[in-house]
Structure formats: C-alpha cells, structure tokens
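Below: one structure, written as structure tokens.
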Amino acid sequence: MAKKCPEPKKGSPAWMTTFGDMNSLLLTFFVLMFNISEINEIQLNLVLSAFKGSFSVYQGGTTLSKGLLIDMGMNVMSLPSKQSGSKLDKALKLAQSILEAEVKAKKVQIKEDERGIVISLVGDAYFEPGDATLLPETKALLDKVSKVIMDIKEYLGTDNKIEVEGFADSGQISTDRPYYTKYPTNLDLAAARANNVIKYFWGSGVPPTRIYKGKVYAKFKSISYGEFQPVEPNISPEARAYNRRVDIVIVREEE
C-alpha cells in the first residue's frame, strides 16, 4: 500500500520572508540615494519623452535630443534644483500673463527650452525688410517685455541674464538701396536688430548690469544668426516675415 505524501506547510518558506525583507531594504536605500529635489521638471520630461508612444499612454515620437542629453550629463545630482525650476515656471506664467494679447494674436511666441524662457517677436509688424529700425508696435511690445524682465527681478528675486538673438530672412539687400551702406550683409542686419532691442531696454529702465552671486555682470548679450536659422522656409512674403524676428531669451541660471 502506497504511503501518502505529507501535506505541504501553509504559507511561504522562511527564506522567502528574509529575501523579501532584504529587497524592501534595498529599495528604500536606493530611493534615499535618489534625491528627487535635484531634478528639473523640464529635463525630467525630456527623459520621459523617450517613452512616448511606447505604452499607449503618450502620443508622439521616441527620440531624445542629443544636445540636451549631453548638457544634462549622467549625474542626476548635477541637474538644476527644483527651486530654480519652480522660479522659471513662475517667470513663464508671468510672461504669458503680461503678453497674453500678443500671444493670442500670434504676434508673439513664448516657450521654455533648455536655455530658459524664449520670447519670439515674429511677423511683419516689427521690422521692415532690410531695416533694423524699431517700429511703433515693436516699441509697444518691448515695453511689455521690459515689465516682464523687471517683474521677474522684483517679485521672483532672480536677476537673470538676457540674450537677444537677431535673425533675418534670406533676401539680400541690393547695393543701390540706402540700407546697404548700414547693413551690407544679413549678419549685420540681424545684429543691428538685436542691438536696437537691447538699447531700447536700457532706455526703458532695464539696467545694463546684473548681480549674480555677489558679483556684477553684463545683463545683456547680443547674438546675430543672420539668415542662417530660419523658422520657416523663405518661399513666401509671410514666411520671410516670420524669419525677420528677434528672440529674447531669459536665461536659466545655474545653481
């Protein structure tokens, strides 16, 4: 007569309880090592963008920007602090609030990227073809941008560097036009547009210097891209108008 096998003991083996406890302790240890306060929301979203479309939760591609990843580095602790990101988020909302009418009219574009907050003056209302003179509507808008810059300093306590980038369309200034002696190339023209914007900021009361970590630095930086960084193909008057633009970058401060 065959013997009956003994019934297995109820519950998990003793070794499994110890193993589970060890895994929980390891998880706690690594969570403590991962200091979430050092992560910037923008850069975290950049990493998460790699998973878009992978789990039917997000929509979009699965490509990360190589340049941004290089800037981020491999060390989480080297990323900007949460406090810095929070201030930049508040600055973005402030700019959107002050320039709400222009944004709705599609005369201004505001975005946030790895550099900081970018305010783009786009369209044919700001610069005549081949000229860098600030038109009345340009000055009215720059008055509002000046308020954005000063309010960020006053209410958020950050004296950010401002980079003003000048751009031109692909049209070449004819040698027989009066503008040619002033701006013989589009690089000169785009530089003049950026410089005129900075000079207007100075005249509006935005100081030319800033205090950063107890030292005095120049607040503004002028950059010219000429016609070499268009946002639209230069195939129509409307598209060329968008390429005659100025970008005002409120630079993200490094901690």
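Observations on the model:
- Unique residue being assigned by TED's automatic domain parsing to the domain that holds residue 126, of a type in the set (Lys, Arg) and over 28 Å from residue 143 (Cβ atoms) when the list is 199, 215, 219: 215
- When we screen 153, 161, 144 for residues that are among the basic types (Lys, Arg), closer than 29 Å to residue 216 by Cα, over 19 Å from the mean Cα position of the chain (by Cα) and assigned by TED's automatic domain parsing to the domain that holds residue 223, the only hit is 144.
- Hits in region 125-165 - residues which are among the small types (Gly, Ala, Ser), in contact with a Phe, Trp or Tyr (Cβ under 9 Å, 6 or more places away or on another chain) and in a helix (DSSP H, G or I): 146
- Pair list, Cβ < 6 Å and 6+ apart or interchain, from region 221-243 residues that are closer than 14 Å to residue 127 by Cα to residues that are surrounded by 13 or more Cβ atoms within 10 Å (Cβ to Cβ) and β-branched (Val, Ile, Thr): 242/122; 242/231
- Within region 183-198, the presence of a residue that is of a type in the set (Phe, Trp, Tyr), surrounded by 14 or more Cβ atoms within 10 Å (Cβ to Cβ) and touching a Ser or Thr at 6+ places or on another chain (Cβ under 7 Å) is excluded.
- Considering the conditions (1) outside any helix (DSSP H, G or I); (2) of a type outside the set (Val, Ile, Thr); (3) more than 26 Å from residue 144 (Cβ to Cβ), residue 222 is excluded by exactly one of them, (3).
The values are calculated or read from the model by the stated rules, or taken from the named source; none is laboratory data. The structure displayed is predicted, hence computed values, not measured ones. Here Cβ is always computed from backbone atoms with ideal geometry, including for glycine, and neighbour counts include all displayed protein chains.
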